[in-house]
1. In the stretch 88-110, is there at least one residue being under 27 Å from SER190 (Cβ atoms) and touching a strand residue (DSSP E or B) at 6+ places or on another chain (Cβ under 6 Å)?
2. For GLU184, work out the one condition from (1) open to solvent by 80 Å² or more (accessible area, probe 1.4 Å); (2) under 21 Å from GLU136 (Cα atoms); (3) at pLDDT below 95 it doesn't fulfil.
3. Which of (1) part of a helix (DSSP H, G or I); (2) surrounded by 11 or more Cβ atoms within 10 Å (Cβ to Cβ); (3) over 18 Å from the mean Cα position of the chain (by Cα) does TRP168 not meet, given it meets every other one?
4. Return the only residue of LEU232, LEU249, LEU222, LEU240 being among the hydrophobic types (A, V, I, L, M, F, W, C), more than 24 Å from ASP191 (Cα to Cα) and modelled with pLDDT of 90 or more.
5. Given (1) surrounded by 12 or more Cβ atoms within 10 Å (Cβ to Cβ); (2) within 20 Å of ALA49 (Cβ to Cβ); (3) of a type outside the set (Phe, Trp, Tyr); (4) at pLDDT below 90, identify the lone condition not met by GLU177.
6. Kindly indicate whether any position in the stretch 91-112 is in a helix (DSSP H, G or I), within 30 Å of SER211 (Cβ to Cβ), open to solvent by 40 Å² or more (accessible area, probe 1.4 Å) and out of contact with any Phe, Trp or Tyr (no Cβ under 6 Å at 6 or more places or on another chain).
7. Out of all the residues in the stretch 205-255, which are aromatic (Phe, Trp, Tyr) and open to solvent by less than 80 Å² (accessible area, probe 1.4 Å)?
8. Please give the number of the condition LEU242 fails out of (1) in a helix (DSSP H, G or I); (2) without any contact (Cβ under 8 Å) to a residue 24 or more places away in the chain.
Amino acid sequence: MPATERLHTEREFHDQQADYRRRIYAADGQELIVNDEGYLNHESWIRPAFEALGEVRGLRVLDFGCGHGIASIVLARRGARVTAFDLSPGYLHEAMLRFRLNGVAVQALQADGNRLPFADASFDRIWGNAILHHLEMDRAALELKRILAPGGIAVFCEPCGENPVLNWARRRMHYPEKHRTPDEEPLRRSDLQALRRVFPQMRVRGFQFLSMTRRFVRQHRLNDLLDRVDRLLLSRPSRLHLLCRYLVLTLPRSA
C-alpha cells in the first residue's frame, strides 16, 4: 500500500476507534481518570519499560503516538515536561480531555511519526507503546535519532512477529480487544536490524512467551504460573525473546 494511502487508512481507523471510545466515556466520566498503578500493571511489559526510561523528573519527554494519553499523564505526574503527538485527531481530542480532567500540563499536537515537526535533539527521553510497527522503520529510526538528545534514551513496547504459532493465532483466532488496521504487521527481525543500524546499543527484552495465552485464557492461577516460568526462561539473552508476544526496545543515543 502506498505511504499516503496507508497514512489515510491508519488515521481513519484510529479516529473510528476514538469515536467508539468517546461514546463510552461520555456515559462514564470516571473512565478518563488515570490510575498510575493500574496503567503500569495492565500489561506485564509496561512497568519494566517505564523503568528503562530511568528518572524523568525535569526531563523533556516525548510520548510518541500518544493514543489515549494515559502514558503522558503518568510521565507528567513523575515530573517530566511532556510533549505528546498522535496521527489521529480523534485520539488527540480524547487525550487532551484526559489531560485536563487529570490536572496535568502536556503539550499535544497532531503529527506523522515518519516526519516529525521537532527540532534536532528536542527530547531527553522518548516513550512509545505499539507504534513503531505502524511506521517505515528506516525513516522512523533516523527521525528518532535526530530528535533525541545525545545521551538520551528511547523506549518502545512493540508486538513481535517472529513466532509462527503466534502469527497463526493472530490471523485465525478472535480474542478480546483485537483491533488492528488491515495492513498492520508486528515487528520482524528486519525491523530490528534497521533500528540497530541507527542505535547499535539497542537492547531487546521479550515478554509473554508461554504467558501469551492470557489473551484468551482467563485462569489467573495458570497465567500467574506461566508468568513465573517466563521470568525464568527470559532472565538471560536468548533467541526466546524474539518468540515472545511483545518486545521492549531500549534505544540509547550515544553522547
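The values are calculated or read from the model by the stated rules, or taken from the named source; none is laboratory data. Just so we're clear, the structure is a prediction, and the values are computed from it rather than from any experiment. Every residue, glycine as well, gets a Cβ built from its backbone with ideal geometry; the counts of neighbours run over all protein chains shown. Protein only, heavy atoms only, side chains kept; ligands, DNA and RNA dropped before computing areas. Shrake-Rupley method; radii C 1.70, N 1.55, O 1.52, S 1.80 Å.
1. So far as the stretch 88-110 goes, no, none of its residues is under 27 Å from SER190 (Cβ atoms) and touching a strand residue (DSSP E or B) at 6+ places or on another chain (Cβ under 6 Å).
2. Only one criterion is unmet by GLU184, namely (1).
3. (2)
4. The unique qualifying residue is LEU232.
5. (1)
6. No, the stretch 91-112 contains no residue that is in a helix (DSSP H, G or I), within 30 Å of SER211 (Cβ to Cβ), open to solvent by 40 Å² or more (accessible area, probe 1.4 Å) and out of contact with any Phe, Trp or Tyr (no Cβ under 6 Å at 6 or more places or on another chain).
7. Listed by number, the residues that qualify are PHE207, PHE209, TYR246.
8. Among (1) in a helix (DSSP H, G or I); (2) without any contact (Cβ under 8 Å) to a residue 24 or more places away in the chain, the lone unmet condition for LEU242 is (2).
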